[in-house]
Every structure is written in structure tokens, then in C-alpha cells.
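First the structure, in the form of C-alpha cells, and then the observations on it.
The values are calculated or read from the model by the stated rules, or taken from the named source; none is laboratory data. Worth saying up front: this structure is predicted, and the values here are computed from it rather than measured. Glycine gets a Cβ as well: all are built from the backbone with ideal geometry, and neighbour counts include every protein chain shown. Areas reflect the complete protein model, heavy atoms only, side chains present, ligands, DNA and RNA absent. Shrake-Rupley method; radii C 1.70, N 1.55, O 1.52, S 1.80 Å.
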Amino acid sequence: MKKPILWVLLLMVTGTAAQQAKFGVTAGYLNARGSIKAEGISISASESGFYGGLLADFTLGETWHVQPELLYATVDGGEALFLPIVLRYYVAPKLNFQAGPQFVFSLEDVPEDFTGVEFDLAGGIGFDITEDFFAQARYSFQLNNSYTGSEDVTVRGNYLTLGLGYTF
């Protein structure tokens, strides 16, 4: 008897969320900064590129939204898929703060002793220009080490995104 009740509750919650969902597109500027630390030496470099993709906006209440995105990103010939899942909190009718996890999947060949998946923490700010048109800025930093070998080496990336989006 418990399983049918759980399914009904799941369908009700899903149906309610779907009624308050919007979908859209977003694109903008991307700055990627990579750093390598080994044997007390730290080296970093940054490159610029762009990103673009799809998003969903699920309203959780008057001031809370969840916004998952699937973004294609390119920087200096390198390509990746970004999957941020941010929780947005509206501090004013058009202004929101954003925070949440972000996964980055490399679309390039990954060398041995490296992972092609990053786990990042993202935070930012968004502004609703109109009901459907918005601007947002986010910064994310990688939590895991991209280097998986046995040496004492740390390889991480940080990302700054500045973009516009449209929901429909």
C-alpha cells in the first residue's frame, strides 16, 4: 500500500512543479582560469571564450527557484559541457542570488592520470530585466582535483560566466 501512495505523491509534486516551470536559453562570456600546484610551485593561466545552452526554471515558492542548465562551452579550442544546478533566492522582486553545484564534463581527450569530470561550487547574482529576459553573473571554483595520479600535484579550474537569457 505504501508504494502506490508514494507514486501518487510523486506525481502530485511533479505535476505542481511542471505547472510552475519555464524553459529557456542562455549564452554569454566565459573566462576559464586553470592552476597547477606541484612541489611548492604554482602556475596559473586564464583564457576567454563563450557558452550557450538550455535551462529550466522551477518555481519553489515566492522567493525560491531551482535553475538547472545544460551549457556547451568553448575556450581556446577546448570544449566542455557545463551542468550547473543553482538555487536562486530573490532578495528583491527582480534581483536574485544564486548558489549550487556545477559539473563540468570535458569533451576533449583526457590524458592518463587525469579526470574529465569536475565538481564545482558556483555562486552568483541575477537580475530579471523583464519577466522573460534576464542577466546573470556567476563564479565557480573546482572542488575536486583533476589530477588523479600518484604525484603530489593539484590541478583545478575556476570559471567566470557573464550572460543573458530568455525564458518562454
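The mean of 1/r over all distinct Cα pairs in the chain, once inverted, gives the Kirkwood hydrodynamic radius of 17.5 Å.
Determine the share of the chain's accessible area contributed by carbon and sulfur atoms, expressed in whole percent, with a 1.4 angstrom probe. Walk me through the intermediate numbers first.
Working: 6700 of 10090 Å².
After summing per-atom areas, the C and S share lands at 66 percent.
A crude spin-label estimate for the pair residue 92 and residue 150, with each label 7 Å from Cα along the Cβ direction, gives 5.7 nm. In order along the range 70-86, the Karplus-derived 3J(HN,Hα) couplings, from 6.51 cos²θ - 1.76 cosθ + 1.60 at θ = phi - 60°, round to 10, 10, 8, 10, 9, 9, 6, x, x, 10, 7, 10, 9, 10, x, 10, 9 Hz, and Gly and Pro are given as x.
Kirkwood analysis of the Cα pair distances in the range 80-168 returns a hydrodynamic radius of 14.5 Å. Note that the range 137-142 has calculated 3J(HN,Hα) couplings of 9, 9, 10, 10, 10, 6 Hz, one per residue in order, obtained from phi through the Karplus relation 6.51 cos²θ - 1.76 cosθ + 1.60 (θ = phi - 60°); glycine and proline are x. A 1.4 Å probe run over the protein chains yields, for the range 12-168, 56 Å² of accessible area per residue, whole-number rounding. Largest accessible area first, the residues 120, 109 order themselves as 109, 120 under a 1.4 Å probe with ligands, DNA and RNA left out.
Quick one: dipole size for the range 89-137, taken about the Cα centre, charges +1 on Lys/Arg Cβ and -1 on Asp/Glu Cβ, in debye to the nearest 20. Show your work: numbers first, answer last.
Details: 1 positive and 9 negative charges, 92 e Å.
The dipole magnitude comes to about 440 debye.
Please give the net charge around residue 57, taking every other residue with its beta carbon less than 12 angstrom from that of residue 57, where Lys and Arg add +1 and Asp and Glu add -1.
Values: positive: 22, 88; negative: 69, 128, 131, 132.
Computed value for this residue: -2.
Coupling constants for the range 118-131 follow from the phi torsions by the Karplus curve (6.51 cos²θ - 1.76 cosθ + 1.60, θ = phi - 60°), and in residue order they are 10, 10, 10, 10, 10, x, x, 9, x, 9, 7, 5, 10, 5 Hz; glycine and proline get x.
Between exposed GluC sites (Glu not before Pro) in the chain, where DSSP calls loop and at most 13 other Cβ atoms lie within 10 Å, what's the longest gap?
On the way: sites that count: 39, 62, 108, 112, 131, 151.
Counting only loop sites that pass the neighbour cut-off, the longest clear stretch is 63-107.
A simple spin-label model places pseudo-atoms 7 Å from Cα toward Cβ; at residue 129 and residue 110 they are separated by 3.6 nm.
Distance from the C-alpha centroid of the range 80-112 to that of the range 121-157: 6 Å, rounded to the whole angstrom.
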